[in-house]
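Novice: Structure provided below as C-alpha cells; questions to follow.
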Amino acid sequence: MATFPLQQPVPLVDQVGVEERAAKFTKRSIKNEAKAVGLKMAVSMMDLTTLEGADSKGKVTHLCRKALLPMADRYDCPPCAAVCVYPNLVAHAVSELKGTGIPVASVATGFPSGQYPLDLRIADVRDAVSFGAEEIDMVISRGRFLEGELNEVFDEIAATKEACGKAHLKVIFETGELQTYDNVRLISQIAIEAGADFIKTSTGKVSPAATLPVTLVMVETARDHFLATGKKIGVKPAGGLRTAKQALQFLVMVKETVGEDWLTPELFRFGASSLLSDVELQLAKLVDGNYQSAKYFSKG
Amino acid sequence: MSDLKFGSAFEYAPAPESTPVKLKKQYELFIDGEFRAPSGGRYFGSVNPATGKRHARIAKAEPADVDAAIQSARNAYSKVWSKMASSERGKYLFRIARIIQEKARELAILESMDGGKPIKESRDVDVPLVAAHFFYYAGWADKLDYAFPGRSPKPVGVAGQVIPWNFPLLMAAWKIAPALACGNTVVLKPAETTSVTVMHLAEIFQEAGLPDGVVNIVTGAGDTGEYLVGHDGIDKVAFTGSTSVGKKIAETVAGTGKKLTLELGGKAANIVFDDAPIEQAVEGVINGIYFNQGHVCCAGSRLLVQESIHDDFVARLERRIETLRVGDPLDKNTDIGAINSKEQLGRITSLIGSGIDEGATLHESSCPLPDSGYWCRPSFFTNVSPSHRIAREEIFGPVLSVLTFRTPAEAVSRANDTCYGLSAGIWTDKGSKIFQIADQIQAGVIWANTFNKFDPTSPFGGYLESGFGREGGMHGLMPYVQI
C-alpha cells in the first residue's frame, strides 16, 4: 500500500500523565439538568449489543424493541443509536428495525479473536453487509500488530473498509491486549489513515476494556487528525461500561477534549449491553424524584 | 481553518458544595491556649475575594499582644513542651492530624470561602496535605536521634513564623508541624487577607488538648509580622512570602543569633523538549501555571518550549485554556477561582499591561467572568523576550510567559537566567536527558514529566533569591534543631 508509512505524526504518551488527566474528568460534578441531558445523550449514543453464543431471534427481537423505546414515553428518553449483533442475526434484526431509522451493526472479521485467514474475514464482512448491516465492527490482528507487522494491519483494515462498501467501519483494537498507551495511539492513527469511520476500544470479551484513559488517547488522536485534515472520525468505547456515572465521565472527557461537535451519535458511541439499565434507573430518579427497584425496568 | 468548538452543549449545571459550616462574625487572637480579644480592641475586615464583600472581622494584634504570645510560647517551651517525652509530643501531632482529617470538608470549604481557591483544590490538595504533614512530622518526633545520628538534637526554642496567603492552612502546617515535632513552641502570624482557617486550626489544637502556649496565633498586617520577627524573645524565624519582605527580614535578623529560613518567590522554567509526550506536557504546563490561580511560588511561570514544536504547542495551549472553568470557588466544577485580593489583582493586571506594552502577544481565554469579586482570565504571552518584565518578575497570577530555545544548552542557560531558583520542570520521554538537564539547573525542586507535586516526605526550598533552608522531609527538621 502506498499510503503507509503514516501521514500524520504519532506523539508519545506518558502513562502517568494520561491517567492523571483521565482521573480529573471523573471529578466533574454532573447534576440536575446537566445529568438529564447527559444521560439521554448517552442513550442516543448507545449501540445496544448482544454477542453471546446463545443469542436467539427472540432475544434480538427484544433488544430491537428496547433500542426503539428504551423507557416509557413520559421519561422522554431517545432511542438508541444502533443494535449490534453477530452476522447470523443481522437479517432478523434488520427486519425487526425496518422503517425505524435505527441501523443494525454487526461484528465481523472473525470476531472476537480475528484469528482467521483474511479471505474468510473479508467474506464475513461481505455476508453481514449483504444481510443488511449498515455498520461493521471489525477486529484487528492484535498478534500481527504486536509482532510489528504494521503494514499488514493497515492493509487488512483498508481491505475490510473496501468490503464494507457503504457500511460504516468501526475498527476494534482490543486495547486490553495492546496494553500500552503508545500502542493505542499508534493503532488509532493507523486505523484512521487506513479508512476507519470509527475507532473502538474493545470486543467486550477481554478485560480491561474501555477505560477512560485509553478512550482519551483515542479521542485525542481523532481530534489531532481532525485539526490536521478536517476529517471527523468517531470513537466508540465498548466493554466494561456498566454505570450511568461512567457514561457521564466519558461524555465530560469528550466535551472537554474534542469539543461539542463530537457529542453526537455520528461521532461517539457506547458499546454496552448492561449500561442502559443503570441509565434508566438514574433517568427515572431525575423524573420521579426517587430511586426505583431495577425490577421495574425491562432487561431488553 | 477547522477548529474545535467548546460551547454550551452538555453544559454543566451549577454544582455548589453545600456549606454546613459558617464563618464566625469575628475572630480573636489565640494566646496561651485561649481566644483573646486584642488589647487595642481593633479589628480589620477579611474579604471573600469571590464577592469582594467583607465576611468576617479579624483581631488586630498590638505589640503588647505579640509580647504576650511570645511570653506564653516561652513558658510553654521551658516548662512543658521541651521537657515532654518526645513520643508524647508525637501523640499530640498524630491527634491533630486525625482531627484535621475528620474536619477536612469543613476546613476545605472555609479555605475556599476565605482565599478564593477552587473547592476542588482545597478539598483534594490543600487539606489532605495539611493532615499528611502533621502525620509525617508526628512520626519524626521520637526518632530525631535517627535523623541526626550521633548528634543528640535539641530544640531551638520559640519560633516566630510568618506565612503567606496562597496556601493559608498548608503553610501553617509546613511551619507548625516540624517545629512542634522537634520540641519548639510557636508564635505564628497568618497573612492579613487569609487569617480565618488558621483560627479554625487553633480550635483543633484546643480540641487535641495541645498544652497552652505551645502554638500562639497573632493576626494582623505587615507591621505585626515585622514586630514579631524583630522581637528579642524568639530564637528562630521562618518566613514564606515575597522576596522583598524576605530581604528585609534577613536584615532584621542578621547578627541577632536567630536561626532563619526563607521561602520566597520564584519564576520557574517549565522546559518542554520536542521529544516530550506532548499532550501530557500541555496538561503539565496548564497545571503548572493555573493551579491555585497561579498564586504559587513554585509555579511554572516561564514555559521554555523547543522551537520546532512551538507553534503546535501554543495552538494546543490556546485550545486548552478555553476549557478551563473560571468562577465560584465553591462550585465543584471550578478550575480557577478568585484572585486572592484586590491588591494582587492590581499587580497582575499591571504586569499583563507591561507585557502588552513591551510587545509580547497576549492569548486569553474567552471565558466570562463573574460581575463582582476579583477575577482574572487564564492567559499566556507569546513573543516574550527574556528581558521583558513578564519574563523576569514573579506575576503570581494565572499568566504564563512562553519563550523558545533551540538546543539543550540554550534551554539550560535560559532556565537559569533568573534571580530565582525555586523549581523547574523538564518534559522529555528520554530518561537520560532528564538527568542531564536537571543536573545543570539551579532550582530546589525539579519535576520531570509532571509539575506541582507535593509530598511531606520531600524537601522543598530555593536557591538564590528564592530563599534558603528546606521545609518538608528529613531536611525540614534541620531548621528546628540545634545539633
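Novice: Just want the answer: with Cβ charges of +1 for Lys and Arg and -1 for Asp and Glu, which residue in A:Pro117, A:Ile30, A:Ala42 is farthest toward the dipole's positive end in chain A?
Specialist: Of A:Pro117, A:Ile30, A:Ala42, it is A:Ile30.
Novice: Which net charge results for the neighbourhood of B:Ala202, defined as the other residues with beta-carbon distances under 13 angstrom from its beta-carbon, given Lys and Arg at +1 and Asp and Glu at -1?
Specialist: -2
Novice: Moving on. Going Cα to Cα from A:Lys24, which aspartates and glutamates come in below 13 Å? Please leave out same-chain ones fewer than 8 positions away.
Specialist: Excluding near neighbours in sequence, the set is A:Glu256, B:Glu121, B:Asp124, B:Glu283, B:Asp335.
Novice: Name all residues of the range B:393-437 having a backbone nitrogen under 18 Å from the label point set 7 Å from the Cα of B:Asn383 along its Cα→Cβ direction, giving them as ranges.
Specialist: Answer for this model: B:400-405.
Novice: Debye sum, Cα scatterers, chain B, no solvent: what log₁₀ I/I(0) at q = 0.07, 0.08, 0.10, 0.14 1/Å?
Specialist: Relative scattering, expressed as log10 I(q)/I(0), comes to -0.36, -0.47, -0.74, -1.37.
Novice: If I model a spin label as a point 7 Å beyond the Cα along the Cα-Cβ vector, how far apart are those points for B:Lys342 and B:Lys453 in nm?
Specialist: Each label point is offset 7 Å from its Cα along the Cβ direction, giving 4.2 nm.
Novice: Here's a follow-up. Could you compute the net charge surrounding B:Ala159? Neighbours are other residues with a C-beta less than 9 Å from the C-beta of B:Ala159; K and R count +1, D and E count -1.
Specialist: Cβ neighbours under 9 Å give a net charge of +2.
Novice: Once Lys and Arg get +1 and Asp and Glu get -1 on their Cβ, which of B:Gly288, B:Ala147, B:Thr404 lies farthest toward the positive end of the dipole of the protein assembly as shown?
Specialist: B:Ala147
Novice: Over the protein assembly as shown, how many percent of alpha carbon pairs lie in each 10 Å bin up to the one with the longest distance?
Specialist: With 10 Å bins starting at 0, P(r) equals 3, 13, 20, 21, 17, 13, 8, 4, 1, 0.
Novice: Now, a different point. Name the trypsin sites (Lys or Arg not before Pro) in the range A:118-206 that are in a loop by DSSP and that have at most 12 other C-beta atoms within 10 Å, would you?
Specialist: A:Lys166
Novice: So, one more: So, counting K/R as plus one and D/E as minus one, what does the shell of residues with Cβ under 15 Å around B:Glu322 add up to?
Specialist: -1
Novice: Would you count, across the range A:109-256, every pair of lysines whose alpha carbons are under 24 angstrom apart, provided the pair is eight or more residues apart or spans two chains?
Specialist: 28
Novice: Stokes-Einstein D for the range A:15-291 at 4 °C, 1.567 mPa s, Kirkwood Rh over Cα pairs, in µm²/s?
Specialist: Stokes-Einstein gives a translational diffusion coefficient of 69 µm²/s.
Novice: What trypsin sites (Lys or Arg not before Pro) in the range B:138-190 are in a loop by DSSP, with at most 13 other Cβ atoms within 10 Å of the Cβ?
Specialist: B:Arg151
Novice: Distance from a point 7 Å along Cα→Cβ of A:Lys299 to each backbone N in the range A:52-68: keep the residues under 17 Å and list them by number.
Specialist: A:52-67
Novice: Counting each DSSP H run of 4 or more residues in chain B as -39500 (n - 2.57), what helix-only mean residue ellipticity at 222 nm follows after dividing by all residues, to the nearest 500 deg cm²/dmol?
Specialist: Using -39500 (n - 2.57) per qualifying helix, the result is -10500 deg cm²/dmol.
Novice: In addition: Given a Förster radius of 22 Å and the C-beta distance between B:Arg406 and B:Asp275 as r, what FRET efficiency does 1/(1 + (r/R0)^6) yield to the nearest 0.05?
Specialist: 0.95
Novice: In nm, to one decimal, how far is the A:Val10 label point from the A:Lys231 one, both placed 7 Å along Cα→Cβ?
Specialist: 1.7
Novice: Please give the average number of partner chain Cβ atoms lying within 10 Å of the Cβ of each residue in B:446-458, rounded to a whole number.
Specialist: Partner Cβ neighbours, averaged per residue: 1.
Novice: Normalized C-alpha radius of gyration of the range B:31-89, against 2.2 N^0.38 Å?
Specialist: Expressed relative to 2.2 N^0.38 Å, the Cα Rg reads 1.59.
Novice: List the chymotrypsin sites (Phe, Trp or Tyr not before Pro) in the range A:242-291 that DSSP assigns to loop (not H, G, I, E or B) and whose Cβ has at most 13 other Cβ atoms within 10 Å. Which are they?
Specialist: Those that pass, being in a loop and sparsely packed, are A:Tyr291.
Novice: Within the range A:218-261, name every residue whose backbone N is under 19 Å away from a label modeled 7 Å from Cα of B:Ala13 along the Cβ vector.
Specialist: Output list for this probe position: A:244-253.
Novice: Let me ask you something else. How much of the DSSP bridge set in the range B:269-448 is antiparallel, in percent, rounded to the nearest 5?
Specialist: 15
Novice: In what sequence, highest mean first, do B:201-213, B:374-386, B:5-17 appear when ranked by Cβ atoms within 10 angstrom?
Specialist: Packing order, densest peptide first, comes out as B:374-386, B:201-213, B:5-17.
Novice: Partner chain Cβ atoms within 10 Å, averaged over the residues of B:119-126 - can you pull that number for me?
Specialist: 1
Novice: Each label point is 7 Å from the Cα along the Cα-to-Cβ direction; what then is the distance between the points at B:Arg98 and A:Glu52, in nm?
Specialist: Taking the simple label geometry, B:Arg98 and A:Glu52 are separated by 5.0 nm.
Readers should treat all values here as calculations from the given coordinates under stated rules, not as data from a laboratory. Because the structure is predicted, anything quoted here is derived from the model rather than measured. Methodologically, a virtual Cβ is constructed for each residue, glycine included, from the backbone with ideal geometry; neighbour enumeration extends over all protein chains shown.
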